[in-house]
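The values are calculated or read from the model by the stated rules, or taken from the named source; none is laboratory data. Not measured: the values here are computed from a predicted model. FYI the Cβ positions are ideal-geometry reconstructions off the backbone, even for glycines, and counts take in every protein chain you see. For accessibility, only protein heavy atoms count, side chains too; no ligands or nucleic acids. Shrake-Rupley method; radii C 1.70, N 1.55, O 1.52, S 1.80 Å.
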Amino acid sequence: MTDYIKELYKVLGKGKVKDAKEYLITHSYDGMRRKFLPDVVVFPESTRDVVEIVNIASKHKITITPRGAGTGMTGGALPLNGGILISFSKMNRIIKISVDDTIAIVQPGVVTYDLVKEVEKYGLFYPPDPASYKTSTIGGNVAENAGGPHCFKYGITKNYVLGLEAVLMNGEIVKTGGKTIKNVVGYNLTDLLIGSEGTLAIITEITLKLIPKPKFSGVARLGFRSLGEAVKGVNKIITNGFFPSALEFMDKVSIIEVFKFLGLKVNENISAYLILEFDGDREEVENQLEEIKALFTNEELEEIVYATDPEEKERIWEIRRNISGAVSKPDLIKYNEDIVVPRSRLPEIVDFVYQLGKEYNVKTVLFGHIGDGNIHTNFFVKKEQEIFIEELLEKLFKKVIDLGGALSGEHGIGIAKKRFINYQLSPEIVEIHRQIKKIFDPENLLNPGKIF
Ligand SMILES: Cc1cc2nc3c(=O)[nH]c(=O)nc-3n(C[C@H](O)[C@H](O)[C@H](O)COP(=O)(O)OP(=O)(O)OC[C@H]3O[C@@H](n4cnc5c(N)ncnc54)[C@H](O)[C@@H]3O)c2cc1C
């Protein structure tokens, strides 16, 4: 056993330090499905434990990789150089919910869904809901600045983070922001850490803004006969004054595969779904569900399903949330890009993606947060097709940038997209990133090899 692992055992105790093979293997992957073994996994239970870990790592020049639930899609939680992997699964306490201040203070390992359910008991709502929210953690959501279906109306993770506590690589504990909605003192370091993909500091406590829980909600699933009408339908809905709390999209392949996966009967005439949720007063919601139908003709729509009952709503959302699992196949390698474009360019990018799929003869599946212009673009390739994928992705990202979009709307860069970052960021901006990284982590020990 190496000296630093012995030291970790000594300082933290056996229960919080694991270097047995089964721990290393189960912490060696994330949603990107690459595998890098850490040398040791540690399970801090307090900020003080994190400080001890950082001090030992710095002393021995060992790299550290923070990890939430490992659902990240871009390899952010992969320990590329082995070293220490910090699992936040034991720092999963909701420390405080204040109804008067409408805030929650949580440890990073809290599973997002657990927080959503807990604050509901107080009539409150925490909206950012990545489709992974039943497993992903608030710490991982903050580090990736995660989005989700409800972000269309309510905003993304960063819109709910008021303050952070973090451990820096020199072992100092720092606090950014605070507990108030307004706070303009100094540079906005809270926002700098949000979305920093675990490369600048280790987040140990998060203060979140909450809002009142909407009184009532209803979901409409519109089944379109043509893909084009569904995509054009997005702006039709918005420009006609509808402001749903969620506006999601599924293409035909994702519909067929999820239905199969869940053992449901599929209507093959449907080429795409738009899934909309409305919330507010019961009457207002019911009117909107009814009015949305009038926007489209019977020729355009094959099916409309409404749900206001909690279980029926959940059944519709389960279909949406199961796409990733249902479309993945063990014999095909998945390239999952979460490109985002201005909404007006959606028809163009959707056409372009399918053309690319045809050109390279790869299975193509599109779904996602279309109201935000954020389309999960999945290409499934056989091993022998992998040599084309680089060229295909180059074409995709160039097009996205030409359309005024971004390489990633919510999954981040990690290792999956770092070779493309210069498509979007100028050399000057990348250099500023490097300088910032150096200030926070001069020895490049915190999650190195990610983003740039
Ligand atoms: C089925 C499925 C659906 C998904 N849907 C969505 C979606 O709708 N929207 C969306 O945005 N994403 C989605 N994702 C991606 C993923 O769930 C999110 O990126 C999520 O925020 C990751 O959280 P996690 O706890 O799993 O973090 P991890 O994957 O463990 O880590 C992610 C990053 O956060 C860093 N990190 C974790 N904890 C800390 C900490 N305490 N301090 C500093 N850095 C830390 C890690 O180092 C890593 O870089 C989906 C993934 C899956 C598998």
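Some notes on this structure:
- Residues of segment 167-185 satisfying the condition of being closer than 23 Å to THR102 by Cα, charged (D, E, K, R) and surrounded by fewer than 12 Cβ atoms within 10 Å (Cβ to Cβ): LYS182
- Picking from residues in segment 394-452 that are among the polar types (S, T, N, Q) and within 14 Å of the ligand (Cβ to nearest atom), the one that is surrounded by the fewest Cβ atoms within 10 Å (Cβ to Cβ) is SER408.
- Filtering segment 103-157 to residues that are under 15 Å from GLY409 (Cβ atoms) and of a type in the set (A, V, I, L, M) leaves ALA131, ALA146, ILE156.
- Qualifying residue in segment 93-109 (condition: crowded, with 16+ Cβ neighbours inside 10 Å, more than 20 Å from PRO212 (Cα to Cα) and of a type in the set (D, E, K, R)): no
- Filtered residues of segment 9-50 (kept if touching a Lys or Arg at 6+ places or on another chain (Cβ under 8 Å), closer than 19 Å to ASN170 by Cα and either more than 16 Å from the ligand (Cβ to nearest atom) or β-branched (Val, Ile, Thr) (or both)): VAL42
- Filter result for LYS329 (open to solvent by 30 Å² or more (accessible area, probe 1.4 Å), within 28 Å of GLY404 (Cβ to Cβ) and within 16 Å of the ligand (Cβ to nearest atom)): no
- The residue list TYR126, TYR113 contains one member that is more than 9 Å from the ligand (Cβ to nearest atom), open to solvent by less than 10 Å² (accessible area, probe 1.4 Å) and not hydrophobic (A, V, I, L, M, F, W, C), which is TYR126.
- Matching entry among PHE224, PHE216, PHE243 (being open to solvent by 40 Å² or more (accessible area, probe 1.4 Å) and of a type outside the set (A, V, I, L, M)): PHE243
- All strands (runs of 3 or more DSSP E) inside segment 70-115 with 3 or more residues being within 20 Å of GLU205 (Cα to Cα) and among the acidic types (Asp, Glu): none
- Pair list, Cβ < 8 Å and 6+ apart or interchain, from segment 79-105 residues that are at pLDDT below 95 to residues that are part of a strand (DSSP E or B) and surrounded by 21 or more Cβ atoms within 10 Å (Cβ to Cβ): none
- Number of the condition not met by VAL119 [criteria: (1) within 14 Å of the ligand (Cβ to nearest atom); (2) open to solvent by less than 40 Å² (accessible area, probe 1.4 Å)]: (1)
- A count restricted to segment 58-81 and to residues that are farther than 17 Å from GLY31 by Cα, within 15 Å of the ligand (Cβ to nearest atom) and surrounded by fewer than 24 Cβ atoms within 10 Å (Cβ to Cβ) stands at 2.
- Screening the candidates GLY178, GLY186, GLY171, GLY198 for the property of being more than 28 Å from ASP279 (Cα to Cα), within 13 Å of the ligand (Cβ to nearest atom) and of a type outside the set (A, V, I, L, M) yields one hit, GLY198.
- Leading residue by the ranking (farthest from ILE275 (Cα to Cα)) among those in segment 145-164 that are open to solvent by less than 20 Å² (accessible area, probe 1.4 Å) and near the ligand (Cβ under 10 Å from one of its atoms): LEU164
- Wholly enclosed helices (runs of 4 or more DSSP H) of segment 355-448 bearing at least 3 residues at pLDDT below 95 and not aromatic (Phe, Trp, Tyr): 386-402
- In the condition set (1) within 13 Å of the ligand (Cβ to nearest atom); (2) surrounded by fewer than 19 Cβ atoms within 10 Å (Cβ to Cβ), ILE53 is compliant with all but (2).
- Matching residues, segment 134-144, being near the ligand (Cβ under 8 Å from one of its atoms), in a loop (DSSP other than H, G, I, E, B) and open to solvent by 30 Å² or more (accessible area, probe 1.4 Å): THR135
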